[in-house]
Each structure stands twice: as C-alpha cells, then as structure tokens.
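All remarks here apply to the structure that follows.
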Amino acid sequence: MAQTGAEDLLRRLAPQVLGAVVRRYGHFDTAEDAVQEALLAAAVQWPSDSVPDDPRAWLIKVASRRLTDLLRSEQARQRREDTVFRWTLPEQWVAPAADRPADAGDDTLILLFLCCHPALSPASQIALTLRAVGGLTTAEIARAFLVPEATMTRRISRAKQTIKASGVPFSMPAASERAARLGAVLHVLYLVFNEGYASTSGPDLHRGELSAEAIRLARVVHRLLPGDGEVAGLLALMLLTDARRPARTGPDGGLVPMAEQDRSRWDAGAIAEGVALITGALPHGPTGPYQLQAAIAAIHDEAPSAEATDWAQIVALYELLLRVSDNPVVALNHAVAVAMAQGARAGLDLLAGLEAEERIAGDHRFHAVRGHLLEMAGDRAGALRCYQAAARRATSLPQQRYLQARAARLAGDE
Amino acid sequence: MKYMILLYGSQQDYDALTGKQVPGKPVWGPADFAAMGTFMSEFNKDLTESGELVETRGLTAPVHARRIELANGVPVVTDGPYAETQEVLAGYWIVDCESFDRATQIAARLLNCPGPPGAAENAVVDVRPIADSRDELEL
C-alpha cells in the first residue's frame, strides 16, 4: 500500500470507475471484478507506457471490455447448467427517477452505501468497502486483517452475492433511510481506522495503512458531504487521534500511554487540521458522538501535558457523550477523566458501578484502568492484581507487554 | 418519409469483431476492422451530406441486454436473455428520404461493407417504414 503517484491516482479513480461501469451496465458483483482487473492492468502498464491522457476514461473502457468478457463466460456457464439468471424487480425500482443527473461524486457515495448495506456483517462491510471504494486488492486487505487471502476472497465474494441477491438498485438510499445508512458508512470507516490504530490481534501495534486509508476515505466523504457535522467530526477524530501515533510506541515497539508520551512528537499539522474541522462543525446543528469524541481528542492534543489538561471540560464532554451513546468504553473513559479531575477515588467509585456491565467487565481495558486508578490511589497490591488480570485478557502482544511491564514494576517495588 | 434500417448480429458476431477466434466465424484482423470503420464513416458522411440521416446508433454486445417480463404478475428481469448464436438488433439508422426504394438503395449499400472472407455471407439488412402517425398504424 505504498503511496506512489500512479497508485494514488488509481485509488482515487477506483470508486469513480466502478460507479460509472455499474451505473451503465449493472452487475455490481462482476463489474467489481472487472474494475479490479482494469486497475491491475493500469498498475502494470502505466509505469512502462505512460499514463493515458484521460486515465478515468481508459479505466472505464478497459473495465467495460473485461466486464463483457466476464459476463460472456458467466452467461455461457449458466446456459450450460440450464439456469438463466433471473431476478425480481424490487418494488422501489418502479418509483420515479431522481430529479437531477448524478455525478462521479454521487457514484462514490452510492458505492459506500452499497458496501455498507445493512444486509452485510460488519466484517463484510469493511472488506467490501476497502476493495470496491478503497481500490485495495484482496491480498492487501487479507494482509491488513491478518487472515489468509482465500478467507478474504470468500468473504468478499459472499458479500457481493448478498448485495446481488438483495437487488438493491444503484442509487442513493431513500431520504427516509439516508441518515441511518450514512451512520453505517461512518461506523465502517471508524472500525477500519481503529483496526489500524489499535490492532485487535497480532504482533504489530498499529497497521498504519488501515488508519491512513480510513482517513483518506473519510476525507472523500467529507468532500462530498461538507455540511454534515458527524462526517467532519469523524474525520477530525481520526486526525486528532492519528496525530499521536509517532509518540505512541517507544523505541522498543512497546506502548507508551498518553500521559507519558513526548508531545513534541505529535503531528502538529494533523492537530491543526483536526481542531479546525471540529471547531467549524460544533456550532452547526446536532452534536453527534463523533463530534464529541473529536472535541475530547482536541482538548488532549492541545494540552501541554497530562496534568495541564482541562479534565473538567473532558468530564463534561464525556457526560454529553454518555447521553447519546450507550457504550461501556465511553463510561470507562469517563471514569478515567473523573479520576483525573476529582481524584482516583471518584473514578474508582464509577468503575464499581460498571462491574455489573457484562460488555466491559471482562475486557482488558476495564482491568487496566482499575489498576491505573488503584495505583494512583496508592493501593499497589490491588493495582498489581488488576494489571495481571488485564494482561491475561489483552489480545495484542504490545498491549500484553505493556500491562506485564506495569505489573512487574509494582511487583519489583514490593 | 422515414425508414428504419436494421442490422443484426449475434453475440458470436460481436466476439469475432473484437478479434476473438469463434468457431465457424471468419476472423477479423485489425486491417479488416479498420476498413469497416472507414466504410461506415463514409456511409454516414454521405447520408449526412444528402440530408437523409436522422439518426444512427450501434448497440452494445447482446450480453449486456436485460429482458423484463411478468412472472405471476411480478416484473422479473433476465440478464443476457439471448443464446450466443441468436441474431439480435445490433444497430440501426433512421433515414428520411423520398421513397421506400431510395431507403432500400441506402440499405443495400451496407452489404458492401468490407470484411474478412465469408463475413457478409449470411448478413441481412432490413428496411421498415416508420409510421408517421397513429392512423398509419391502421389499428
């Protein structure tokens, strides 16, 4: 996923080309394969021949030809098997057409809506989005998610079958469901970002390519829907979080908690961009969870040190966030902020209330936070037990090593 | 008076035109294809200059066709409804000319289109008068 000029161009054009081909000929599933082959052909030919004058038109032409070939063999096979492919015209197709002609930007959005269709599992939504909209190859996606390529191939082809079977038209979702569908798109981008930032498995702490890809796609959506506060909020949240990446791992590859990070290594450009985005979005209309999380990230990023952070403001934002999202991780972060603002005991009291919450009580983060607050409160033996419990439950190697190191430090002092 | 000139081709003919080897079909080399292009441009240019051309269009390969029909009262779509040997409409011209005979003369010229040996053997061109009004349909 190196970003060379030609590759950049191909990745940017990928959804436009797929959109144009599907809009013209239909067959989302087969067209997606055809576009992948056209992208591959371009990646091979352009560096040696030179980039064509109109790269988009070139890709559409090559992909359309390839689609014709693929359909030919597909239909010949179906005929041999005596099964002609028939599908029922969905009800909504009989509805009046849209009142304005579509453009390439619409196609990218429509593809995002299609790939994040509620009929698909989140894992399939992510895989399909990265391939059809991100222009990544199956091999690249498989590598990023640490699964065998064959597994990812099956996941993507199943996802495409589901889309095909659902008969969703290639058009914008109806206005009544647009907000919910956009929510699904943003959630997928958020998951891709997180997968890159805090890997849930494997030896590497972050697979930065995924975060970079999520940011790139969030930028695309923001450009297409500049007035949507949650889109701006999500992009800001990603930028403000990713800005800390350079300081997040130590020279040994281990995890460095935010309080101990060298803030001079944070990416000032990304912080400035994120702060500007969230500052522009907040005054306009309903403040959703991404905007609130971005606002919290902005306070952290602008603070000169952990101690000099405006924790009271962060507590207030978490309380707003708790009202709009029923997420135990938010409750956990709220407890940390309260501990920083009002003392470890206040935070520990909140954690006690979370113990009955099944979704978080078994999570390594719950135990790690409790260990941290107990350590702050001076209960070293309790903290040691919590760090050990957290290390047992953590799935990523760097997280396990970090937690073991915290535990070992306390054990060594005993 | 308006006439429609219709040209037919099967999926196999389309395949052969793109340079593929199709059993039982002549192979179109790059020179054959170029000669056809020149011929068609000339043909259209002449019709434009004489003021007889209303419109001409070629259709994409039959594999891209969709057929919609009712099944138990519900519209059902079939992708690629034609067998690959089935001749279907491949392109048309609409000409506005003085008589059916003139339209026939125009259409007949299409049979002179160059191609590899054997390509024109089974070619047919149809000409049909376009109804000017509902009355002419004699319904």
Exercise. Assess whether A:Val51 counts as being part of a loop (DSSP other than H, G, I, E, B), β-branched (Val, Ile, Thr) and farther than 19 Å from A:Leu224 by Cβ.
Key: yes
Quiz item: Could we say that A:Arg66 is open to solvent by 70 Å² or more (accessible area, probe 1.4 Å), within 14 Å of chain B (Cβ to nearest Cβ) and at pLDDT below 90 here?
Solution: no
Practice problem: With the checklist (1) under 18 Å from the mean Cα position of the chain (by Cα); (2) closer than 30 Å to A:Gly362 by Cβ; (3) buried (at least 18 other Cβ atoms within 10 Å of the Cβ) in hand, flag the one item A:Val329 doesn't pass. | Solution: (3)
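Among the residues of the stretch B:59-81, what is the count of those that are free of Cβ contacts under 8 Å to residues at least 40 places away in the same chain and either surrounded by 17 or more Cβ atoms within 10 Å (Cβ to Cβ) or away from every other protein chain (no Cβ under 14 Å) (or both)? Can you show your working first?
Step one: list which residues in the stretch B:59-81 are free of Cβ contacts under 8 Å to residues at least 40 places away in the same chain, which gives B:59-60, B:64-81.
Those still in the list that are either surrounded by 17 or more Cβ atoms within 10 Å (Cβ to Cβ) or away from every other protein chain (no Cβ under 14 Å) (or both) too: B:64, B:77, B:79-81.
Residues in the stretch B:59-81 being free of Cβ contacts under 8 Å to residues at least 40 places away in the same chain and either surrounded by 17 or more Cβ atoms within 10 Å (Cβ to Cβ) or away from every other protein chain (no Cβ under 14 Å) (or both): 5 in total.
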Self-check item: Residues located in the stretch A:275-294, provided they are surrounded by 18 or more Cβ atoms within 10 Å (Cβ to Cβ) and assigned to a loop (DSSP other than H, G, I, E, B)
Solution: A:Leu282, A:Thr287, A:Gly288
Self-check item: Number of the exception - B:Asp46 against (1) among the acidic types (Asp, Glu); (2) open to solvent by 60 Å² or more (accessible area, probe 1.4 Å); (3) away from every other protein chain (no Cβ under 14 Å)
Solution: (2)
Self-check item: Tally of residues being open to solvent by 40 Å² or more (accessible area, probe 1.4 Å) and not aliphatic (A, V, I, L, M) across the stretch B:105-117
Solution: 5
Practice problem: Mind telling me which of the residues B:Gly73, B:Gly24, B:Gly19 ends up being under 24 Å from A:Arg80 (Cβ atoms) and modelled with pLDDT under 90? | Solution: B:Gly24
Exercise. Might you check whether a residue that is over 25 Å from the mean Cα position of the chain (by Cα), over 23 Å from A:Asp310 (Cβ atoms) and buried (at least 22 other Cβ atoms within 10 Å of the Cβ) occurs anywhere in the stretch A:352-370?
Key: yes
Quiz prompt | Top-ranked residue in the stretch A:25-38 [being more than 14 Å from chain B (Cβ to nearest Cβ) and either aromatic (Phe, Trp, Tyr) or open to solvent by less than 20 Å² (accessible area, probe 1.4 Å) (or both); ranked as farthest from B:Arg67 (Cα to Cα)] | solution = A:Ala38
Self-check item: Per-region count, the stretch B:83-99, residues open to solvent by 40 Å² or more (accessible area, probe 1.4 Å), over 14 Å from the mean Cα position of the chain (by Cα) and more than 9 Å from chain A (Cβ to nearest Cβ)
Solution: 3
Self-check item: the stretch B:5-39: number of residues that are open to solvent by 70 Å² or more (accessible area, probe 1.4 Å), within 14 Å of chain A (Cβ to nearest Cβ) and among the hydroxyl-bearing types (Ser, Thr, Tyr)
Solution: 1
Practice problem: Count, please, the residues in the stretch A:143-167 that happen to be of a type in the set (A, V, I, L, M), open to solvent by 40 Å² or more (accessible area, probe 1.4 Å) and within 24 Å of A:Arg23 (Cα to Cα). | Solution: 1
Quiz item: Restricting attention to the stretch A:154-182, which residues are within 23 Å of A:Leu224 (Cβ to Cβ), part of a helix (DSSP H, G or I) and either touching a residue at least 12 places away in the same chain (Cβ under 8 Å) or aliphatic (A, V, I, L, M) (or both)?
Solution: A:Ala159, A:Ile163, A:Ala175, A:Ala179, A:Ala180, A:Arg181, A:Leu182
Quiz item: In the stretch A:7-24, which residue that is of a type outside the set (A, V, I, L, M, F, W, C) and within 23 Å of the chain's Cα centre (by Cα) is nearest to the other protein chains (Cβ to nearest Cβ)?
Solution: A:Gly19
Practice problem: Hey, can you tell me all the residues within the stretch A:73-90 that are of a type outside the set (Lys, Arg) and modelled with pLDDT of 75 or more? | Solution: A:Ser73, A:Glu74, A:Gln75, A:Ala76, A:Gln78, A:Glu81, A:Trp87, A:Thr88
Quiz item: Hey, B:Arg128 hits all of (1) within 14 Å of another protein chain (Cβ to nearest Cβ); (2) surrounded by fewer than 17 Cβ atoms within 10 Å (Cβ to Cβ) but one; which does it fall short on?
Solution: (1)
Exercise. Inspect the stretch A:92-109 for any residue being within 14 Å of chain B (Cβ to nearest Cβ) and modelled with pLDDT of 95 or more and give the result as yes or no.
Key: no
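The values are calculated or read from the model by the stated rules, or taken from the named source; none is laboratory data. Bear in mind the structure is a predicted one, so any value in this text is a computation, not a measurement. Backbone-built Cβ (ideal geometry, glycine too); neighbour counts: all protein chains shown. All accessible areas refer to the heavy atoms of the entire protein, side chains included, with ligands and DNA or RNA removed. Shrake-Rupley method; radii C 1.70, N 1.55, O 1.52, S 1.80 Å.
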